[in-house]
Protein chains: 2
Amino acid sequence: MKYVIVGGVAGGASTAARLRRLDENAEIILFERGEYISYANCGLPYYIGDVIYERQKLFVQTPESFAARFNIEARIRSEVKGIEPGKKVVTVCDLNSGKRYEESYDKLILSPGAEPVRPPLPGIDGDGIFTLRNVSDTDRVKEYVEERDVKRVVIVGAGFIGLEMAENLHEYGIDVSIVEMADQVMTPVDYEMAAIVHQHLKAKGVGLYLQEAVTAFRQTGEGMEVVLRSGLILQTDMVLLSIGVRPDARLAKAAGLEIGETGGIKVNEYLQTSDPDIYAVGDAIEFPNPVSGRPALAFLAGPANKQGRICADNAVYGNRRKYKGSINTAIAKVFDLTVGAAGLSAKMLERLQIPYREAIIHGASHAGYYPGAIMMDIKINFSPTDGKLLGAQVVAADGADKRLEMMSAVIREGGSVYDLMELEQAYAPPYSSAKDPVNMAGFVADNMLSGKVKMISWREFQAMDTESTLVVDVRVPGEFAEGSIEGAVNIPLDGSRAEYRNLPKDKTIVVFCAIGLRGYIAARVLMQLGYSVLNLNGGYRTYAAVTAGKGNPVNLFSVPCSGPVNKK
Amino acid sequence: MKYVIVGGVAGGASTAARLRRLDENAEIILFERGEYISYANCGLPYYIGDVIYERQKLFVQTPESFAARFNIEARIRSEVKGIEPGKKVVTVCDLNSGKRYEESYDKLILSPGAEPVRPPLPGIDGDGIFTLRNVSDTDRVKEYVEERDVKRVVIVGAGFIGLEMAENLHEYGIDVSIVEMADQVMTPVDYEMAAIVHQHLKAKGVGLYLQEAVTAFRQTGEGMEVVLRSGLILQTDMVLLSIGVRPDARLAKAAGLEIGETGGIKVNEYLQTSDPDIYAVGDAIEFPNPVSGRPALAFLAGPANKQGRICADNAVYGNRRKYKGSINTAIAKVFDLTVGAAGLSAKMLERLQIPYREAIIHGASHAGYYPGAIMMDIKINFSPTDGKLLGAQVVAADGADKRLEMMSAVIREGGSVYDLMELEQAYAPPYSSAKDPVNMAGFVADNMLSGKVKMISWREFQAMDTESTLVVDVRVPGEFAEGSIEGAVNIPLDGSRAEYRNLPKDKTIVVFCAIGLRGYIAARVLMQLGYSVLNLNGGYRTYAAVTAGKGNPVNLFSVPCSGPVNKK
């Protein structure tokens, strides 16, 4: 058998290695148009920031090592220009010599990846404007930073890579500004979670221009001007475009393979394209999202690598292994915070018109009585009917990745908030609590679904009629004194239960505490006394984050004085 | 309704708080024979070690705060001496006054916990011999340590609490020796995993006496002698017994409630005892283990707290919520290591005669190219027929808790090694790899089950006939030179593939590398060349750990020079 693979990074290299392990006698040729194969794509920002110091570390395999270990021929600087599915040949251009030749295949695997979006803005092709996708881009950026002694950078696009670059360049000593069209950074998390990141970026001294767009780039004598839609002009030495990527499906399209509605190469559950002898993996494929059921793209290294293994098995043994799709579990380090998401955000659920409810939970990263516990912010989106977990988001300075894994495992299994309740977390004081925040998220959702409490979101709360509403802060007076919601009255839960009977019956009562737990207990009391009561989702911590800059301070890392009950 | 709860720590306090949230008007009385309710049981070793500095932090709730927040009456120093299920009353002894009285109930919840095992050894009731179960024990130990200026301690029993105490007392400046009857510490993990902990304890200067038993304690002028079965005598100032605990089912038994074969209070899936008006939660209950299906105990805070919530719901609304049992997810910090397990160990599977296979994986805690990656040790036990995940164990200096959570979630769902393959881990370089070690564990198991590789355990390998076996170290010469298995020949995988054809066909070939990956690739080559070949499970790293002290050094924290392929 002769296998030809187009694209030598994550998905392509994985497929190639597995093919060899399955078939010692096959001929395997891997074409890569770039200079390198199997490199650490996700490590590139850290190499620019000198966090990864040795360039050599970026390379998992080289053509030489690939040959030595796997007996695979990797041809770099070799661009596949066309596929003739009928003849089962590809046309290859040797980018060094310019020579073209044909290579036949029995099975072809496409792993062309994605390409960065570069909007046709005036001045975008000027000096000092970069995208970052591969090692060569990285070398160019690093050289520019060092040789031009860059002092200021504007990053356009506040996605995961944009923020990773912001951190790395800032830590390198460069003044960083970020321009983003949306009202928030990091699309996969919802606004109230992103709001925490906004606070953190500002605290680090990063310029953040939200709801702004670049209209032009202008070269000046001492650098560049980035012109924004609002009229604002940012002076900078360098621009990094991280607006997004799109699947590179050009080759597939030209070959007549079916392209999906998202622009990705359409594959079936065996990762097979519309031509049975051509498989495709990685960033370029379209596959139904397991949560929404809708066609989707996933620009992630993990799924690409897992697809490689499945694809190789199917190419060698026939279609036996099914790919189940990616729930887009993604994570990034943003300075001292970790930000992650899996499944669908509320924004996305609304766009897809999928009904959902949401719960925002704050819990300690480990037992509050053990040193070093910090507050985490967790949000879950779930089905209002059966509690199916639709999405999970975490922002925290510690323990975020673990909680995301726990929830991601449940989403992937098609599980529900009831599964979150039952997750048997590994508990010892340095690691968790007797009720982990992920369990708490399940408990809150269960209480909502079973009608034990009605929640109100910060957005709904802001839109409420103040005349008919009584806002009750159930925290202790010391907490109230440090800052509360305007107009709230302070009736502490602990010890003041009797006073709840005297509240006016003709108003809707909105209760809140620091994180939501005492608010819930107060709501239970009031409900059973016959009141119409709503508990503010996420408590004062979330409210303060979304109204930050309007006088409500957020302490990202403190555990409030009165945490969850029965945490051992 | 009137609810009476016996036992005011984890399970009892949880139940009480939930009862109040569900029923504002109920009468709720909680009896606790000790002086404290709702304290941080798992924090006690850290309070003794001064890691938790403020004693106050150990208390999640006090009777006063419980009354103020929940309107629950908690009566401390009040021991329930008897239950009359027919009359629905309990007899209570006020331990301060000695007075006895009756209290009626509509629903009774038992949460009596477990009691430490104290074998009837000569001298065991002498001065300076302690068990550690509650705050009062802790106060006594702490006072003894400080007032007697304890310099040496012998810990009997190397379970989780024994090792937590070893760490805390050692860090406090006390010379620690551990005596354990088994050949390993920490029963829930298998020998090869415990062997890593043995090495670590020795490196820290902790005395470790395995396969030893105490036969007597003798008071001397300057302290105490601990006499061991081997004849060895340990001089010490203090002894801590952490041999184990057993469910405290005395009250339930005397009341005629059904007791299970493990000695725990038998409950149904609604946590109801054989009397429909009596529920039970916590360490004292017997419930089928979800993995084995056999009656089991679980001495864990997490399950106790979760049971409390379920029990309260059933007591108030009738039996609606099912408890699904505990898979015994447990974790402990042991100096610089984290050690955890979920599901069943190989030892336990053998005892229960449940067929299983095992895979040992070593992988980096995060992307090897990002600073700070360390090697983790992971073991999974799984069904040889359908790949059902039966148990998971992790030992690592970083990232262990997260991997345990990922695998624990799969075990709890009744999932398989195929689910491990598909877990969509949150990958960015500081957190994971494009193929997380947990995915790798799934891949290895899949390769075993589909016949792509035959593995041999270190135990089977040691028992092999050396005459008919050829042992091939496929690592690079530099690794081979630093230490290898006696008698092994070095034929590196990379670049020496051709030499494999010249190996003798009449011998069984055992291949190994550092962690198992190159061994697997070599095994694939040899298999396809027609050889009978076995890959050493866990590679040289595991072999070196189990043969440590016999000249094979283990570097716990280094990532070997040639890690997994395609890790981005």
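The values are calculated or read from the model by the stated rules, or taken from the named source; none is laboratory data. Because the structure is a prediction, the values reported are computed rather than measured. Heads up, the Cβs are rebuilt from the backbone with ideal geometry, glycines too, and the neighbour counts pull from every protein chain shown. In case anyone asks, the SASA skips ligands and DNA or RNA and just uses the protein heavy atoms, side chains included. Shrake-Rupley method; radii C 1.70, N 1.55, O 1.52, S 1.80 Å.
Helix A:135-147 and the longest principal axis of the Cα set of chain A meet at an angle near 70°. Average accessible surface for region B:129-243: 38 Å² per residue, computed with a 1.4 Å probe over protein heavy atoms with every protein chain in place.
Between residue B:24 and residue A:115, the C-beta separation translates, for a Förster distance of 56 Å, into a calculated FRET efficiency of about 0.40.
Using 0.36 nm per residue and subtracting the Cα-Cα separation, the extra length available between residue B:216 and residue B:203 on full extension is 1.8 nm. Among beta bridges from DSSP that stay inside region A:86-195, the antiparallel ones total about 50%.
Shape class of the protein assembly as shown from the alpha-carbon gyration tensor: oblate, with a/c at 1.5 or above and b/c at least as large as a/b.
Shape of region B:1-138 from the C-alpha gyration tensor: oblate (a/c of 1.5 or more and a/b not above b/c, with a ≥ b ≥ c the square roots of its eigenvalues).
Taken over chain A, the ratio of Cα radius of gyration to 2.2 N^0.38 Å equals 1.08. The trypsin sites (Lys or Arg not before Pro) of region A:136-192 that DSSP puts in a loop, and whose beta carbon has at most 16 other beta carbons within 10 Å, are A:148, A:151.
Modelled spin labels at residue B:229 and residue A:64, positioned 7 Å past Cα toward Cβ, are 5.8 nm from each other.
Counting Cβ atoms of other protein chains within 10 Å of each Cβ in B:396-408 and taking the mean gives 4.
Between chain A and chain B, the total buried accessible area stands at approximately 8500 Å², from heavy atoms with a 1.4 Å probe. With the highest mean first, a sort of the peptides B:323-330, A:51-58 on other beta-carbon atoms found within 10 angstrom per residue produces B:323-330, A:51-58. Angle of helix A:400-412 to the longest C-alpha principal axis of chain A, folded into 0 to 90 degrees and rounded to 10: 80°. Positive contributions from Lys and Arg (+1) and negative ones from Asp and Glu (-1), summed over other residues with Cβ under 10 Å from the Cβ of residue B:204, come out at -2. Each residue of region A:453-458 is assigned a 3J(HN,Hα), and the resulting list reads 8, 10, 9, 10, 7, 4 Hz, derived from the Karplus form 6.51 cos²θ - 1.76 cosθ + 1.60 (θ = phi - 60°), x at Gly and Pro.
Between region A:168-195 and region A:323-385, how far is it from one alpha carbon centroid to the other, in angstrom? Between the Cα centre of region A:168-195 and that of region A:323-385, the gap is 18 Å. Does region A:131-251 classify as rounded, prolate or oblate by the C-alpha gyration tensor (a ≥ b ≥ c root eigenvalues; a/c under 1.5 gives rounded; else a/b over b/c gives prolate, otherwise oblate)? Taking the square roots of the gyration eigenvalues as a ≥ b ≥ c, region A:131-251 is rounded. Note on residue A:204: lysines with a C-alpha under 21 Å away, same-chain residues under 8 apart excluded, are A:151, A:333, A:550.
If B:246, A:475 are ordered by their accessible area, calculated over protein heavy atoms with a 1.4 Å probe, which sequence runs from highest to lowest? Each step should come with its number before you reach the end.
Values: B:246 115, A:475 10 Å².
The residues order as B:246, A:475, largest area first.
Counting partner chain Cβ atoms within 10 Å of every residue's Cβ in B:291-302, what's the average?
Partner Cβ neighbours, averaged per residue: 2.
Could you tell me how far the Cα centroid of region B:1-19 sits from the Cα centroid of region A:431-448, in Å? Result: 19 Å between the Cα centres.
For the peptide B:232-241, the mean number of other protein chain Cβ atoms found within 10 angstrom of a residue's Cβ is 0. Label-point spacing at residue B:482 relative to the other copies reads 4.9 nm, in ascending order, each point sitting 7 Å out from Cα along Cα→Cβ.
Ordering of B:204-217, B:455-468 by packing is B:204-217, B:455-468, highest average first (other Cβ atoms within 10 Å, averaged per residue).
Take B:427, A:317 and sort them by solvent-accessible surface of the protein heavy atoms, 1.4 Å probe, largest at the top. Present the calculation step by step, with values, prior to reporting the outcome.
Details: B:427 20, A:317 85 Å².
These residues rank, largest area first, as A:317, B:427.
Carbon-plus-sulfur accessible fraction, the protein assembly as shown (probe radius 1.4 Å, protein heavy atoms only): 48%.
For residue B:479, the shell of other residues with beta-carbons less than 12 Å away shows a net charge of 0, using +1 for Lys and Arg and -1 for Asp and Glu. Each of residue A:466 and residue A:507 was given a label point 7 Å from its Cα along the Cα-to-Cβ line. The distance between the two points is 1.2 nm. Between residue B:219 and B:225, the built amide H atoms are under 5 Å apart, and every one of these is 5 or more places off in sequence or on another chain. These residues, B:506, B:436, go from largest to smallest accessible area, 1.4 Å probe, as B:506, B:436.
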